[in-house]
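**Student:** Right, I'll just put the structure down here and ask away after.
The values are calculated or read from the model by the stated rules, or taken from the named source; none is laboratory data. Predicted model only: the values in this text are computed from it and were never measured. Here the Cβ positions follow ideal geometry from the backbone for every residue, glycine too, while neighbour counts run over all protein chains shown. Surface areas here come from the heavy atoms of the whole protein model, side chains and all, with no ligands, DNA or RNA. Shrake-Rupley method; radii C 1.70, N 1.55, O 1.52, S 1.80 Å.
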Amino acid sequence: MAPLAISEARDETAGLAVRLERSVPIATDARLLEFASLQGPLPPATPGSHIDVHLPSGGLRQYSLVTPLCSATRYVIAVKREATGRGGSVWLHDEARVGAELLIGRPRNNFELDETAEQTVLLAAGIGITPIYAMFERLQQLGRPVRLHYWSRSAEHALFRERLERHPDATLIHSSGGRAVSASDVLKVAPPGAEIYCCGPSRMLDQCIASAPRPQHLHVERFANAAKDLGASEPQDGVTGFTVHLARKKRDIEVAAGETILNTLIAAGIDVAYSCEEGVCGACETTVLEGTPLHRDAVRSPEEHQQRKTFMICCSLSREKRLVLDI
Ligand code: FES
């Protein structure tokens, strides 16, 4: 991989220039990657934050930060090798060499921890432990009551195992060990009023959403590709072309049937923020001034869509012929 020119990173939106300092196995098919800043202090990151990693192919991938291991000079991410994924994790596992220079995005947090909660229950499966582990360590540091439940395929697949295995506030559950307690079982006995955070595959999150006794206290974060799963329940069928009016630019843009708003705006030369292009990172969140969006993202809950009057232009569409956006 040719090193990226540091000058590319001076623009705030272009990202932060870093060097891969360390890449070590932490569990079966999982590595910890440590990036050192090449341009001064890194922005602070809170538990639940993620960053974009710019791949040499030009693609972007999002990874949660292991914030207990992060500092002003280094960021640490955990990456699971997804052999059948889109190639980002395979590149980071197999080809990214220590010393390589690359660009990462500034931390974003769509999965914020309420540090003042009376009780907190954390549920994680697989690589979903990364933001949940960050929350666990933060609450431990603050002395707040917290219970962690972590599902992994086997003991060898569990990240942060040495720290969590004997911790009195953590329960590790291995699916290879026979019939195991489910996320629904955990939620049934969660303390009333507890804030519940859950990160893992869609099936697990759907189970949590279906069985959460108090949905307003449930916070979930989905992996990439989850928005496509959600898209199946919010079909694009019947959505023909529509117009987006850009209020600040005083421009009308026609979005053709089957096209995304994001792609249409980029093609029209409009400079907008985006990252995952899959409705999972929140980078393209845009305020809707008039009209009714057809939400297809996995970042916000239906309640948040109502309250925030925003939508993700990379995947969401319009239920009407015209949308007015704060662009
Ligand atoms: S670019 Fe990630 S949600 Fe739209």
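**Student:** Being touching a Lys or Arg at 6+ places or on another chain (Cβ under 8 Å) and open to solvent by less than 40 Å² (accessible area, probe 1.4 Å) is the filter here, so list the residues in segment 78-98 that pass it.
**Tutor:** Across segment 78-98, the qualifying residues are Ala78, Val79, Gly88, Ser89, Val90, Leu92, His93.
**Student:** Tell me, please, whether a residue that is assigned to a strand (DSSP E or B), over 13 Å from Glu195 (Cβ atoms), assigned by TED's automatic domain parsing to the domain that holds Ser57 and open to solvent by 10 Å² or more (accessible area, probe 1.4 Å) can be found in segment 125-135.
**Tutor:** Start the filter on segment 125-135 by keeping residues that are assigned to a strand (DSSP E or B), which leaves 125.
If we keep only those that are over 13 Å from Glu195 (Cβ atoms) too, we end up with 125.
Cutting the leftovers down to assigned by TED's automatic domain parsing to the domain that holds Ser57 gives us none.
Looking for residues that are assigned to a strand (DSSP E or B), over 13 Å from Glu195 (Cβ atoms), assigned by TED's automatic domain parsing to the domain that holds Ser57 and open to solvent by 10 Å² or more (accessible area, probe 1.4 Å), one finds none in segment 125-135, hence no.
**Student:** I want to confirm something. Restricting to segment 288-300 and keeping residues that are assigned to a loop (DSSP other than H, G, I, E, B) and aliphatic (A, V, I, L, M), which single residue is nearest to the ligand (Cβ to nearest atom)? So that I can check it myself, show each step before the final result.
**Tutor:** At the first step, the residues of segment 288-300 found to be assigned to a loop (DSSP other than H, G, I, E, B) are 291-292, 295-300.
Going one step further and asking which of them are aliphatic (A, V, I, L, M), we end up with 298-299.
On the way: Ala298: 8, Val299: 6 Å.
Ranking the qualifying residues of segment 288-300, first place goes to Val299.
**Student:** Also, I was wondering about something else. Any residue in segment 199-210 that is open to solvent by 20 Å² or more (accessible area, probe 1.4 Å) and on the phi > 0 side of the Ramachandran plot?
**Tutor:** no
**Student:** Restricting attention to segment 47-66, which residues are crowded, with 21+ Cβ neighbours inside 10 Å, more than 11 Å from Gly105 (Cβ to Cβ) and within 15 Å of the ligand (Cβ to nearest atom)?
**Tutor:** Within segment 47-66, Ser64 is the sole residue that qualifies.
**Student:** Restricting attention to segment 263-287, and to residues there that are in a loop (DSSP other than H, G, I, E, B), more than 14 Å from the chain's Cα centre (by Cα) and not β-branched (Val, Ile, Thr), which single residue is nearest to the ligand (Cβ to nearest atom)?
**Tutor:** Ala273
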